[in-house]
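*Asks:* I'd like to ask you about the structure that follows.
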Amino acid sequence: MIYLDYQATTPLAPEARDEMLRWLDGPGGSGFGNPHSPHRMGRQAKAAIEVARERVAELFPAGGRVIFTSGATEAINLAIRGSGTGGTVSVSAIEHAAVLDTARAVGNCHELNVAKNGQCNTKQDLPSDTRLVCVMQVNNEIGTIQPTVEWHRKAKSANALYLCDAVQAYGRMEVTGADMVAISAHKFHGPKGVGALWLREGLDIAEVQTGGGQEFGIRSGTLSPALIAGMGVAAKEAKERMEQDADHVDKLWTRACELFSDWELNGSAEARWHGNMNIRPAGKNAGGLDVNRLMSECRDVMFSAGSACASGSGRTSHVLEAIGLSQKKAKASIRLGWGRYTTMDEIETAAAKINAAAKEQGV
């Protein structure tokens, strides 16, 4: 099988897997201790977590602390719900559902419009009572890099906090400055089920999940040494290989652009992470592609429907709608994602299969 769905999840790095196994020892081993216990095994587990915390922190801006969570969704909920009440939460129209749904749930959600190139328009005003601005760094569906520096500046001018979903950016590029940043380990070759919220120095938020306050009195719950240690090593590998990984991704992007030259790109080609290609057929039959049929005929190539339908509901992507695509064009779009472990041969083989299957549909 050819895996081209890196925005959904990434393969676990072998270095991270090896580190995790050290902390999964059962009877007879010493790695399964509770990191919140005072005895020797507990202290060893806690030490492993603190090493990982330092490794994860090295890819964030200086002057902050890392709060471990079960993933980015929990981190985002903690940030939005724990940073205050009342006032407006302003979010870009192309945020992940973890941000959009949470902002709507807390009330007074204001959506910021997005240009056709997939970037959140910085010329629009914030509501006067905005308490929190949420603009992601790299969009998960179309890969566009957002003008986060300007949005951070606008949030400061409005006396509001700025939360950045950096799930698709962390480990791939320098993480933007913010008051709060959410990440998830499985998006940078770490394990699923663990993530983090980074808080800038001096910022305190309220806990939203009570029961022990294991993480600085802000987040409760027993931490997993195995998951966190794996996340730490994944962060270490990402830092050491960032330039190499980016160069590899750029080479794959250049070749993919040649192979899919008859397709149209959704979103900017320049302000974009080149490991994300969201495309639709060009020409008069652009809206005639049946993506479900295409995926069935290319079943050994793992990619996503560009419309990112929620749980198979058939709803059109809010991201593709936000950049002005019609429902037909949105539903005829596909998303291809690659990264560290993707080979050039896989890109070429996948393109041949996808192009042939699309041609059979007359597009």
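The values are calculated or read from the model by the stated rules, or taken from the named source; none is laboratory data. Bear in mind the structure is a predicted one, so any value in this text is a computation, not a measurement. Positions of Cβ are generated from backbone atoms using ideal geometry, with glycine treated the same way; all protein chains shown enter the neighbour counts. Each accessible area value is taken on the protein alone, full model and side chains, heavy atoms only, with ligands, DNA and RNA left out. Shrake-Rupley method; radii C 1.70, N 1.55, O 1.52, S 1.80 Å.
*Asks:* Quick one: ILE145 ticks every box in (1) at pLDDT 95 or above; (2) farther than 24 Å from TRP338 by Cα bar one, so which box is it?
*Replies:* ILE145 satisfies every listed condition except (2).
*Asks:* Where in segment 122-232 are there strands (runs of 3 or more DSSP E), lying wholly inside it, with at least 2 residues that are open to solvent by less than 30 Å² (accessible area, probe 1.4 Å) and closer than 27 Å to ALA13 by Cα?
*Replies:* Per the criteria, 161-165, 180-184, 195-200.
*Asks:* Take segment 242-273 and flag every residue that is open to solvent by less than 50 Å² (accessible area, probe 1.4 Å), closer than 23 Å to PHE60 by Cα and either part of a helix (DSSP H, G or I) or touching a Phe, Trp or Tyr at 6+ places or on another chain (Cβ under 6 Å) (or both).
*Replies:* MET242, ASP245, ALA246, VAL249
*Asks:* Any residue that is open to solvent by 40 Å² or more (accessible area, probe 1.4 Å), assigned to a loop (DSSP other than H, G, I, E, B) and at pLDDT below 95 - is there at least one of those in segment 295-303?
*Replies:* no
*Asks:* Residue pairs, Cβ under 9 Å, 6 or more apart or interchain, first in segment 23-38 and more than 17 Å from GLY212 (Cβ to Cβ) and charged (D, E, K, R), second in a loop (DSSP other than H, G, I, E, B) and open to solvent by 30 Å² or more (accessible area, probe 1.4 Å). List them.
*Replies:* Listed by first residue and then by second, the contacts come to ASP25/PHE32.
*Asks:* For segment 1-24, give me each residue that is touching a Gly at 6+ places or on another chain (Cβ under 6 Å) and open to solvent by 60 Å² or more (accessible area, probe 1.4 Å).
*Replies:* Scanning segment 1-24 gives a single hit, ARG22.
*Asks:* Check segment 116-136 and report whether any residue there is in contact with a Phe, Trp or Tyr (Cβ under 6 Å, 6 or more places away or on another chain) and among the aliphatic types (A, V, I, L, M).
*Replies:* yes
*Asks:* Say we look at segment 331-350 and pick out the residues that are of a type in the set (A, V, I, L, M) and surrounded by 20 or more Cβ atoms within 10 Å (Cβ to Cβ); which of these is modelled with the lowest pLDDT?
*Replies:* It comes out as ALA332.
*Asks:* Restricting attention to segment 80-95, report how many residues are touching a His at 6+ places or on another chain (Cβ under 9 Å), hydrophobic (A, V, I, L, M, F, W, C) and either outside any loop (DSSP other than H, G, I, E, B) or surrounded by fewer than 20 Cβ atoms within 10 Å (Cβ to Cβ) (or both).
*Replies:* The qualifying residues number 3.
*Asks:* Moving to a separate point now. When you look at PRO61, is it touching a residue at least 12 places away in the same chain (Cβ under 8 Å) and buried (at least 16 other Cβ atoms within 10 Å of the Cβ), yes or no?
*Replies:* Judged against the criteria, PRO61 is not a match.
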